[in-house]
Amino acid sequence: MNARDYGYVLISGLGALWYTPGALAAEPAADAAVTTPFRSPVTIPSAPSEDEARADSSPVDATGAFSSDPLRTLAESLSASPSLGDATRRILLAEARRGDYLPAISWALGQSYWGLAQLLIQNNPKPTPDWAKLSLALHRYDGPEMARLLQHPERLPARDRLQAQMDLGRYGQARKDALAAMETDPYDWRLRREYLQAVRKSASYVDLAGIWQSFNGLSQYGPRLRGRLALGDAWGIELDADALREATSQAAGLQRLPGWSERAALGLYWQAPDWEIQTLVGSYEGMRNHLTLDLKARWQMSAGRVLSGTVEYHGRSQQSPALAVAGMASGIRLQLMQQVGAWTAGLGAGWRQYRGQDGVDLGSDLFAGASLLWRHGLGPWELEAGPFVDYHDLNRRGQVQGLVAQTLIPSARTIDSVLPGSYGDVGLRLQWGQWERAIDSNWTPYLALSVYDNTRFGMQYQLDAGVSTPVFGPDRLRIGFSQGQGGNGLAISERIFKMAYRVYF
């Protein structure tokens with residue numbers, strides 16, 4: 001990223017005091033001490049706007065009998081629109097009867113009457129401008145038509161042109177076009193948002209974080225380094241590494257610590273408008289050294305539906321202090337998110353196996369969950385609230401053996417100190433802002449509170465708070481804090497503090 005990139009972002013940022021939440025996918029809270037997959041649903045990108053959500057109310061869709069006659073369909077649509085005055089109705093209909101469909105096409109596109117707009121464009125006796133065709137192609141996600149229209153970019157408005165470039169996976173070109181457009185209008189916050197989305201998709205970055213976490217007498221703290229080297233619009237190289245210093249108190253029930261645990265992985269990512277795939281391979285070294293593998297995939301099935309999956313092999317486990325020091329976890333997880341209007345529903349399921357770092361099997365967890373969130377805009381951020389439920393069916397070994405047993409003090413060498421029995425959670429989640437909705441606004445607060453009834457320990461809570469703010473250009477500083485029980489079926493109280501800085505280049 002060059003100096004010109006930073007300059008226009010800083011200039012345009014002065015006018016970007018308000019924004020509409022963008023289409024960035026939230027990154028999972030990988031720094032958390034205990035994973036709680038059903039309390040933090042995946043953010044769905046490219047969700048339908050309010051206009052798109054009411055598109056089915058277009059009379060052309062409801063009155064198929066008139067679908068072959070554009071003038072009759074237009075008249076029906078105009079009469080059914082409560083916001084139009086009589087004079088406007090007469091003018092639009094009169095122009096259409098004289099063979100000038102463009103005013104009616106503009107009105108239909110502005111009202112999100114997509115069926116009517118398509119009918120008028122198909123029957124237009126005059127050439128239809130490319131900007132109208134592109135607007136319809138964007139709604140229909142018509143890739144070949146978008147590619148054809150982009151052959152003459154000078155005929156297209158900047159915002160729609162940028163969106164088409166993004167939809168086709170041309171992130172680098174979208175970034176260049178956004179910079180050129182901001183030379184003309186540096187205070188257009190919509191252009192700035194499109195530019196920042198293109199930056200996240202196409203630019204390389206280095207992300208350095210510091211983490212401190214404590215649960216049940218075990219403290220872990222140290223640096224985490226993540227990075228991406230973009231080798232094109234579609235793929236590149238990724239790095240994820242951390243080194244955690246470990247310390248313990250009597251409450252943890254531990255008698256043997258390695259001092260440091262380290263994890264380093266290198267891999268590739270591939271992305272397309274509807275797909276993201278990431279694979280990382282490396283080593284995890286604690287009391288033993290093991291090969292580690294992470295595979296993540298994400299498929300945007302439609303504008304409001306996302307299917308994501310994760311495969312993990314020999315990863316960190318924060319299920320208990322003993323597993324954090326001497327154990328590891330492998331598993332698979334699938335999650336389906338569906339957004340309809342202001343509501344987002346989520347279903348998820350998965351399986352995890354827990355082993356000591358010497359390979360001794362400790363047990364497995366078969367889990368499933370569901371959530372339903374209602375979303376409402378509050379200025380430049382979002383408020384989300386709704387219920388969630390999850391259940392974990394744990395199959396535990398009768399005794400703790402091997403390296404994990406050697407790590408525990410004699411009085412704590414029971415399976416209950418390592419893995420809980422089966423449990424479920426039912427509760428409510430309130431969330432404001434997004435921790436990883438990183439580069440869409442000038443500063444982004446994050447507050448999330450989950451209050452739930454755990455079948456083993458009764459009422460529990462999980463609180464997460466933080467802020468993300470720009471420092472120079474699109475670079476971001478993030479600070480976050482978490483506290484609560486963690487929802488893992490053990491009587492664990494956790495506390496996490498993290499601070500990170502991301503540099504794009």
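The values are calculated or read from the model by the stated rules, or taken from the named source; none is laboratory data. Treat the numbers as computed from the prediction; the structure is a model and nothing was measured. Positions of Cβ are generated from backbone atoms using ideal geometry, with glycine treated the same way; all protein chains shown enter the neighbour counts.
Take the residues in region 286-301 that are under 24 Å from the mean Cα position of the chain (by Cα) and surrounded by fewer than 17 Cβ atoms within 10 Å (Cβ to Cβ); name whichever of them is modelled with the lowest pLDDT. Applying the filter and picking the extreme gives Met301.
Yes or no, residue by residue, for (1) polar (S, T, N, Q); (2) at pLDDT below 80; (3) in contact with a Lys or Arg (Cβ under 6 Å, 6 or more places away or on another chain):
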site: Leu78; (1), (2), (3): no, yes, yes
site: Ser106; (1), (2), (3): yes, no, no
site: Lys133; (1), (2), (3): no, no, no
site: His152; (1), (2), (3): no, no, no
site: Ala158; (1), (2), (3): no, no, no
site: Gln163; (1), (2), (3): yes, no, no
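Looking across region 88-106, the residues that are surrounded by fewer than 21 Cβ atoms within 10 Å (Cβ to Cβ) and in contact (Cβ under 8 Å) with a residue 24 or more places away in the chain come down to Arg97, Gly99, Asp100, Leu102, Ser106.
A single member of Ser283, Ser219, Ser261, Ser214 is hydroxyl-bearing (Ser, Thr, Tyr), modelled with pLDDT of 95 or more, touching a strand residue (DSSP E or B) at 6+ places or on another chain (Cβ under 9 Å) and not assigned by TED's automatic domain parsing to the domain that holds Gly172, and it is Ser283. Scanning region 345-359 for residues that are at pLDDT 95 or above and farther than 17 Å from Glu312 by Cα yields a total of 3. Note on region 432-464: residues that are of a type in the set (S, T, N, Q), modelled with pLDDT of 90 or more and under 25 Å from the mean Cα position of the chain (by Cα) total 2. Just one of the listed residues (Arg224, Arg245) is farther than 21 Å from Thr310 by Cα and charged (D, E, K, R), namely Arg245.
For Leu394, indicate whether it is buried (at least 16 other Cβ atoms within 10 Å of the Cβ), touching a Leu at 6+ places or on another chain (Cβ under 7 Å), in the same structural domain as Val306 (by TED's automatic domain parsing) and in a loop (DSSP other than H, G, I, E, B). In short, no.
Evaluating Leu92 against the criteria (1) assigned to a loop (DSSP other than H, G, I, E, B); (2) modelled with pLDDT under 85 leaves one unmet condition, (1).
So that you can scan it fast, the table gives a plain yes or no per residue for (1) in contact with a Leu (Cβ under 8 Å, 6 or more places away or on another chain); (2) under 19 Å from Arg429 (Cα atoms); (3) not hydrophobic (A, V, I, L, M, F, W, C):
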position: Leu347; (1), (2), (3): yes, yes, no
position: Gly350; (1), (2), (3): yes, no, yes
position: Asp361; (1), (2), (3): no, no, yes
position: Leu372; (1), (2), (3): no, yes, no
position: Arg375; (1), (2), (3): yes, yes, yes
position: Glu382; (1), (2), (3): no, yes, yes
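Right, Val340: more than 26 Å from Gln460 (Cβ to Cβ) and loosely packed, with under 14 Cβ neighbours inside 10 Å or not? Against the criterion (more than 26 Å from Gln460 (Cβ to Cβ) and loosely packed, with under 14 Cβ neighbours inside 10 Å), Val340 qualifies.
Only one of the listed residues (Gly473, Gly402) is modelled with pLDDT under 90 and at positive phi. That residue is Gly473. If the condition is being under 36 Å from the mean Cα position of the chain (by Cα) and in a loop (DSSP other than H, G, I, E, B), then region 398-423 contributes Val418, Leu419, Pro420, Gly421, Ser422.
For Val418, state whether it is at pLDDT below 95, out of contact with any Ser or Thr (no Cβ under 8 Å at 6 or more places or on another chain) and either buried (at least 20 other Cβ atoms within 10 Å of the Cβ) or of a type outside the set (Lys, Arg) (or both). No, not satisfied. The selection criterion, being in a strand (DSSP E or B) and touching a Lys or Arg at 6+ places or on another chain (Cβ under 9 Å), does not hold for Ala264.
Those helices (runs of 4 or more DSSP H) of region 142-258 in which at least 2 residues are buried (at least 19 other Cβ atoms within 10 Å of the Cβ), in contact (Cβ under 8 Å) with a residue 12 or more places away in the chain and over 25 Å from the mean Cα position of the chain (by Cα), considering only elements entirely within it, cover 143-149, 171-184.
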